[in-house]
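Notes for the one structure printed next.
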Amino acid sequence: PLMKFFRSEHQLRSLFRILKAYAAYNTHVDYCQGMGFPASILLYYMPEKQAFWAFLQMMNKIDNMFRNSLQGVHERCKVLELLLKKCEPKIYHHLQVIKIEPQLYACGWLMSCFINAFEFPVAMRVFEQFLCEGNKALYRASIAILKYASYSLPHLKMSRKPEDPGFEQEFDQMD
């Protein structure tokens, strides 16, 4: 993590211990670079011991994203693709035409829970939503990014712009 908080040797060691303890606890999951992002945020907000237990509970729900085969990432990318096809067909079609699969743009987002994708306050909002709602929050954020980026492609003729009232609320309503 690039946060100032982790410039301290003490905090880096705490993060290392959390990740190492988790790898020892769950032998089905090897350390993967993306695991450090959510662990670091938990450590930022709570003492090391609590951060480990919170990380353990979170990983019980998403550990298949970090197994050797990355099966969970591929599954989530497929779900994202289906949601994009349903919710934003113009964007979906455009990505199909130019042959860009979700694995090319979404793996880092999903594995880091968007912690490395946004400025800290926005990243925390997405992470908090993820902790409360699970993967739905990650899909919402993915579609929001793609929708926002699509406005630079005038041939898609999107009906709403990011600055339009109600743009944010669309994603809060997505189930």
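In terms of distances greater than 27 angstrom between alpha carbons, the cross-link table entries LYS20/LYS147; LYS78/LYS147; LYS61/LYS90; LYS4/LYS49; LYS4/LYS136 yield LYS20/LYS147; LYS61/LYS90; LYS4/LYS136. Across all C-alpha atoms in the stretch 1-72, the radius of gyration and Dmax reach 11.7, 34 Å. Accessible surface of GLU101, taken over heavy atoms with a 1.4 Å probe and every protein chain present, rounds to 90 Å². Our note on the geometry: Cα centres of the stretch 1-74 and the stretch 110-130, 15 Å apart. Taking all protein chains as shown and a probe of 1.4 angstrom, TYR25 keeps an accessible surface of around 140 Å². For the stretch 1-134, the relative contact order works out to 20 percent when only alpha carbon pairs closer than 8 Å and six or more residues apart are counted.
For HIS93, the solvent-accessible surface with a 1.4 Å probe is about 120 Å², rounded to the nearest 10.
The values are calculated or read from the model by the stated rules, or taken from the named source; none is laboratory data. Because the structure is predicted, anything quoted here is derived from the model rather than measured. Accessible surface is based on the protein model in full, side chains and every heavy atom, while ligands, DNA and RNA are left aside. Shrake-Rupley method; radii C 1.70, N 1.55, O 1.52, S 1.80 Å.
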